[in-house]
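Enquirer: Pasting a structure here, questions to come.
The values are calculated or read from the model by the stated rules, or taken from the named source; none is laboratory data. The structure presented is a predicted model; accordingly, all values stated were derived computationally and were not measured. Heads up, the Cβs are rebuilt from the backbone with ideal geometry, glycines too, and the neighbour counts pull from every protein chain shown. The protein model used for the area step is the full one, side chains on, heavy atoms only, and it has no ligands, DNA or RNA in it. Shrake-Rupley method; radii C 1.70, N 1.55, O 1.52, S 1.80 Å.
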Amino acid sequence: MATLANTPKPPYYCVVFTSLLSNDTEGYAAMGARMEALAASQVGFLGIESAREELGITVSYWQSLEAIKAWKQNAEHIEAQQIGKARWYSQFALRISKVERDYFM
């Protein structure tokens, strides 16, 4: 069951990853599950939300820019990025933003 990330009171940061898949998606789902579990074990990780239809959108939430940088430099994450660029994605974009306000219902 999908749930919204339980983020703290702002400020905090989000990484927005949008993507279009290529025709070669073998191993993609398993790697995605592994990366989500690995990210959750990182210092500064706050939560994640993801949806995939034709366009995939994953938003991960972090306490600081330093936590995001550490995640980017994680060796297993680097390997997944390289495979993604070479095989799984036809296009992708990554955006990092500071959350200053949030509202929930």
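Enquirer: SER19 passes all but one of (1) open to solvent by 60 Å² or more (accessible area, probe 1.4 Å); (2) within 23 Å of THR3 (Cβ to Cβ); which number fails?
Expert: SER19 satisfies all of (1) open to solvent by 60 Å² or more (accessible area, probe 1.4 Å); (2) within 23 Å of THR3 (Cβ to Cβ) except (1).
Enquirer: Restrict the check to region 59-76 and report whether at least one residue is at pLDDT 95 or above, of a type in the set (A, V, I, L, M, F, W, C), assigned to a strand (DSSP E or B) and in contact with a strand residue (DSSP E or B) (Cβ under 6 Å, 6 or more places away or on another chain).
Expert: Residues of region 59-76 that are at pLDDT 95 or above, as a first pass: 59-76.
From the residues that got through so far, the ones that are of a type in the set (A, V, I, L, M, F, W, C) too are 59, 62, 65, 67-68, 70-71, 75.
Then keep just the ones that are assigned to a strand (DSSP E or B); that gives 59, 62.
Those left that are additionally in contact with a strand residue (DSSP E or B) (Cβ under 6 Å, 6 or more places away or on another chain): 59, 62.
Looking for residues that are at pLDDT 95 or above, of a type in the set (A, V, I, L, M, F, W, C), assigned to a strand (DSSP E or B) and in contact with a strand residue (DSSP E or B) (Cβ under 6 Å, 6 or more places away or on another chain), one finds at least one in region 59-76, hence yes.
Enquirer: How many residues does region 37-58 contain that are of a type in the set (Asp, Glu) and modelled with pLDDT of 95 or more? Write out each step before concluding.
Expert: Kept after step one, since they are of a type in the set (Asp, Glu), are these residues of region 37-58: 49, 53-54.
Add one more test, that the residue is modelled with pLDDT of 95 or more, and what stays is 49.
Final tally of qualifying residues: 1.
Enquirer: Further question on the same structure: Under 7 Å by Cβ, and 6 or more places apart or on different chains, what pairs join a residue from region 68-82 that is farther than 16 Å from GLU36 by Cβ and touching a residue at least 24 places away in the same chain (Cβ under 8 Å) with one that is of a type in the set (S, T, N, Q) and assigned to a loop (DSSP other than H, G, I, E, B)?
Expert: Listed pairs, sorted by first residue: ALA70/GLN42.
Enquirer: So is ILE83 among the aliphatic types (A, V, I, L, M) and either open to solvent by 60 Å² or more (accessible area, probe 1.4 Å) or part of a strand (DSSP E or B) (or both) or not? Step through it out loud before you land on a result.
Expert: Numbers: among the aliphatic types (A, V, I, L, M): yes; either open to solvent by 60 Å² or more (accessible area, probe 1.4 Å) or part of a strand (DSSP E or B) (or both): no.
Spelling it out, it is not the case that ILE83 is among the aliphatic types (A, V, I, L, M) and either open to solvent by 60 Å² or more (accessible area, probe 1.4 Å) or part of a strand (DSSP E or B) (or both).
Enquirer: Another one. Name the single residue that is least open to solvent (accessible area, probe 1.4 Å) among those in region 22-56 being of a type outside the set (Val, Ile, Thr), closer than 19 Å to ALA93 by Cα and part of a strand (DSSP E or B).
Expert: Looking at the filtered set, the residue picked out is GLY56.
Enquirer: Here's another thing I want to ask about it. In this structure, is ASN6 open to solvent by 70 Å² or more (accessible area, probe 1.4 Å), under 26 Å from ARG101 (Cβ atoms) and over 11 Å from the mean Cα position of the chain (by Cα)? Let's see the steps before the verdict.
Expert: Values: open to solvent by 70 Å² or more (accessible area, probe 1.4 Å): yes; under 26 Å from ARG101 (Cβ atoms): yes; over 11 Å from the mean Cα position of the chain (by Cα): yes.
Yes, satisfied.
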